[in-house]
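Engineer: Okay, here's the structure, questions in a sec.
The values are calculated or read from the model by the stated rules, or taken from the named source; none is laboratory data. Remember, it's a predicted structure, so these values are computed and weren't measured experimentally. Don't worry about glycine lacking a Cβ; one is built from the backbone with ideal geometry, like all the others, and counts go over all protein chains shown. Remember, those area values only see protein heavy atoms, side chains included, never the ligands or the DNA or RNA. Shrake-Rupley method; radii C 1.70, N 1.55, O 1.52, S 1.80 Å.
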Amino acid sequence: MVAMLGGAVGLAYRFWEMRRADETKRLDKERERRAVQRAALQEFYRSAFTLHHDYKKIRRTLRSLSFCEGQDRKIERLAFEKLMEALEDCQLQAESLHRSVEAQADLFGNEQKNLSSYLSLVDRYLRNLVRQYEEGYQERRQLDPKDLMSLNAEVRSFIDRSEKGDPIWTDLFLPADKVRDSLLELIAKTTPDITV
């Protein structure tokens with residue numbers, strides 16, 4: 001009887017140890033999955049944050065290199081070309097980020113739709129600026145690189161000081177803020193709780 005009881009206790013203990021080992025393995029895999037997800041989200045966040053800072057820098061540089069002459073805002077052609085080429089890179093990066101969100105539902109989960117929508121707004125806003133730049137190429141080509149040229153209404157609205165409700169605010173800065181907030185929330189969800 002004692003031997004049977006000892007055997008049953010030993011068997012129960014081994015069963016409990018196996019369950020505990022399985023649970024530990026499952027938890028380790030879950031931690032690893034979350035760590036990989038967190039790293040991917042952090043990398044995506046850095047890319048989105050860099051993009052936002054890049055077009056803000058272009059905006060500020062356009063503003064500082066241009067000047068108002070009556071109702072007109074002018075800039076040297078060469079400076080304009082260089083900054084708009086950099087803005088085109090930003091637009092392509094926004095498009096790439098938007099496509100990444102569309103392709104990775106498992107990474108972004110419930111936030112995928114919102115992130116896609118916000119990045120689409122950013123992409124469209126930048127694409128409109130780039131389109132205006134591309135369409136005016138033939139006119140600008142006739143100018144000497146040091147010649148002054150007038151900025152079109154879209155570029156002027158991009159570089160002018162903005163207030164809430166302006167297109168640059170609602171179509172560029174607000175969506176970028178929403179992307180940042182959504183990504184930070186997703187990163188926080190993948191970060192393990194620290195218990196003391």
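Engineer: From the protein chains alone at 1.4 Å, what is the descending order of accessible area for Ser116, Ser157, Ser64, Ser100, largest first?
Structural biologist: Ser64, Ser157, Ser100, Ser116
Engineer: Note down the accessible area of Arg141, probe 1.4 Å, to the nearest 10 Å².
Structural biologist: 140 Å²
Engineer: Still on this structure, I have one more. Excluding same-chain pairs closer than 8 in sequence, count the lysine pairs in the stretch 1-150 whose Cα atoms lie under 17 Å apart.
Structural biologist: On the way: Lys56/Lys82; Lys57/Lys82; Lys74/Lys82; Lys74/Lys146; Lys82/Lys146.
Here the count comes out as 5.
Engineer: Could you give the dipole magnitude of the stretch 59-187 about its Cα centre, charging the beta-carbon of Lys and Arg +1 and that of Asp and Glu -1, in debye to the nearest 20?
Structural biologist: Using only the charged Cβ atoms, the result is roughly 280 debye.
Engineer: For the full complex of protein chains and a 1.4 angstrom probe, list Met18, Met149 by accessible area with the highest value first. Don't skip to the answer; put the middle values down first.
Structural biologist: Details: Met18 120, Met149 20 Å².
Descending accessible area places them as Met18, Met149.
Engineer: For a quick check of understanding: with a 1.4 angstrom probe and all protein chains in place, what accessible area in square angstrom does Asp106 have, to the nearest ten?
Structural biologist: Around 130 Å² of this residue is reachable by solvent.
Engineer: Please report the net charge: other residues with Cβ closer than 9 Å to the Cβ of Gln91, K and R +1, D and E -1.
Structural biologist: -3
Engineer: Provide the solvent-accessible area of Tyr45, counting protein heavy atoms only and rolling a 1.4 Å probe, rounded to the nearest 10 Å².
Structural biologist: My reading of the accessible area for Tyr45 is about 50 Å².
Engineer: Could you tell me which of Ala176, Ala21, Pro192 has its Cα farthest along the dipole of the chain towards the positive end, charges placed at Cβ (Lys, Arg +1; Asp, Glu -1), taken about the Cα centre?
Structural biologist: Ala21
Engineer: Report the far tail of the P(r) of the stretch 86-196, meaning the percent of Cα-Cα pairs longer than 21 Å.
Structural biologist: Details: 3002 of 6105 pairs.
Cα-Cα pairs of the stretch 86-196 separated by over 21 Å account for 49 percent.
Engineer: Can you report the principal axis dimensions of the chain using only the alpha carbons, biggest first, rounded to whole angstrom?
Structural biologist: Computed over the Cα atoms, the extents are 104, 30, 26 Å.
Engineer: Among Lys25, Lys56, Lys74, which one shows the highest mean-square fluctuation when the chain is modelled as a Gaussian network with alpha-carbon springs under 10 Å?
Structural biologist: Sorting by GNM fluctuation, first place goes to Lys25.
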